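One structure below.
The values are calculated or read from the model by the stated rules, or taken from the named source; none is laboratory data. Remember, predicted model here, so these are calculated numbers, not experimental data. Note: ideal-geometry Cβ built from the backbone for every residue, glycine included; neighbour counts use all protein chains shown.
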Amino acid sequence: MHKKFALALSLFLLAALPAPAQSLMPVCGSSGDLLFQNFPPHFMENPPEDLPALFASYDRDYFSLLQERDDLIFSRESRRSWPDSRLLPNHFLRQTEFNLSNALARFYSTGTRPYDLQLSPLFILSPSNDPAAFATGRTVLLNEGLVAFFLAPQTFLDDLLASRKSSSLSDEDRARIRAAFSWQDDWPSLYFLLAHEAAHNLLKHPDQRILQTATSKMLDHYAQRARDQRHDLSFGKIGFGTKFARFFSESNPSFDSLLDDSSRQRDSEENADALALYLLADAGLDPDAARLALDRLALLLDDSILKGGLLRRSICNDRSALRDRSSRLASHLSCIRSSGRFCGAISAFSIPETMQASRQRLADIETYRRTTQEITSRNPQDSPSDIIVRIEVKPKDALLTVDGSPLHPGSFQLQEGPHTLSVSRDGYLTETRQIVVFPDIQLKLKIDLKKQK
């Protein structure tokens, strides 16, 4: 890889996430933002030069750069700026983080066998009260609120109910809510959720959302810009020397909507659930806890416990989706019990194949852009073909000239390449326009002269 670009890509990845700690604490609504900030092309200043190097680099350097970035972002020094815990005692959290870190290492060790992927485990217990989790591609983050929900649910409820308007809940409401969350120390469920996030990383789902969904959207936008540039040159809307416009920042809203489209995530969630069962079983943990974990999370959205549910913004699935995931686990649990493996085959996302396809598509776009520049600078007399164009003028008796030669307005043939149009008439302002005839652009122009004042 080009040394200059290697350094730039490293800086992109290492600086991808902002410094404030709250931006690192996963909630459902922020997951798209977090991935978007991890997307290096978003920061490029010179796409035509940098994109080919980017796609060439991912095959070899993606995971090493990902690890460097996570080591910096989640370093102990960086985490000192995070707020102190509010839900659970620090000594309890330290022991919990130790237990979950060891479990993650075991899950990754198990996953290297079927997926031939060496991931250095990094587990982060983030100081947020939202019951959420997130996988970055290598690191797994679980919020303190999720830990409290499964290990000390009454403590979790104390904080949750305190955040609501006290007057809106009767004593009967509070008693009904607390009765629904009567478990304690549900480690098996917590291990399942950790295994689920580890499975996302092993199957490269975060990378798929970035490198497939985002890259595809980015290239769609890039190709459209190339077509727009040719169209504008054809109709004389921009000059021949106009530079190619920057486009990444404009695709942000569409990018986020693609990442957070739950219908696109259903397959990845089911596959991560299935692989999580295998990881649990191989580690000697209880895979049957998976369905209970999802059912208990669904309680937070249960209208029978509290109208409108207890929590909306931090649970990435609605209640029915959680129930569906729980029911779909039944067949995989049966396979795990009988054979020690999940049903069928679950394939990991292929980064090399995706990057090869992206490189080819980028090459096609670049060929299109080079052809645009070649036709724009070509002598029309050297053009291989004539293209039918239609040019109308108003007033109808105005004089139309093309490259200095008079032509009757209407449909006629012009050779590919640049041409100069001029329309004039006594009493009107003369209009001159530079156009370019392209083989794939249907050029229809109407030039309406303005009267002289």
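Every residue, every condition in (1) out of contact with any Pro (no Cβ under 9 Å at 6 or more places or on another chain); (2) surrounded by 23 or more Cβ atoms within 10 Å (Cβ to Cβ); (3) within 26 Å of residue 318 (Cβ to Cβ); (4) at pLDDT 85 or above, yes or no:
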position	(1), (2), (3), (4)
112	yes, no, no, no
115	yes, no, no, no
136	no, yes, yes, no
149	no, yes, yes, yes
155	yes, no, yes, yes
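When residues in the range 384-426 are screened for being under 20 Å from residue 374 (Cα atoms), charged (D, E, K, R) and outside any strand (DSSP E or B), 2 of them pass.
Filtered by the rule that a residue be under 44 Å from the mean Cα position of the chain (by Cα), among the hydroxyl-bearing types (Ser, Thr, Tyr) and either loosely packed, with under 15 Cβ neighbours inside 10 Å or closer than 22 Å to residue 443 by Cβ (or both), the range 351-401 gives 367, 368, 371, 372, 376, 377, 383, 385. Residue pairs whose Cβ atoms lie under 7 Å apart, separated by 6 or more positions or on different chains, with the first residue in the range 379-397 and closer than 17 Å to residue 432 by Cα and the second among the hydroxyl-bearing types (Ser, Thr, Tyr) and modelled with pLDDT of 95 or more, are 390/411. Is it the case that residue 360 is of a type outside the set (Gly, Ala, Ser) and farther than 30 Å from residue 268 by Cβ? So residue 360 does not fit the description; no. For the range 365-378, a residue qualifies if it is part of a helix (DSSP H, G or I) and either in contact (Cβ under 8 Å) with a residue 24 or more places away in the chain or touching a Ser or Thr at 6+ places or on another chain (Cβ under 6 Å) (or both), and the qualifying residues are 365, 366, 368, 369, 372, 375, 376, 377.
Taking the range 86-110 as the range and being charged (D, E, K, R) and surrounded by fewer than 17 Cβ atoms within 10 Å (Cβ to Cβ) as the test, the residues that pass are 86, 94, 97. Does residue 135 satisfy the criteria of being touching a residue at least 40 places away in the same chain (Cβ under 8 Å) and in contact with a His (Cβ under 9 Å, 6 or more places away or on another chain)? Considered against the rule, which asks whether it is touching a residue at least 40 places away in the same chain (Cβ under 8 Å) and in contact with a His (Cβ under 9 Å, 6 or more places away or on another chain), residue 135 comes out as yes.
Take residue 440 and tell me if it is part of a loop (DSSP other than H, G, I, E, B), surrounded by 11 or more Cβ atoms within 10 Å (Cβ to Cβ) and out of contact with any Ser or Thr (no Cβ under 9 Å at 6 or more places or on another chain).
yes
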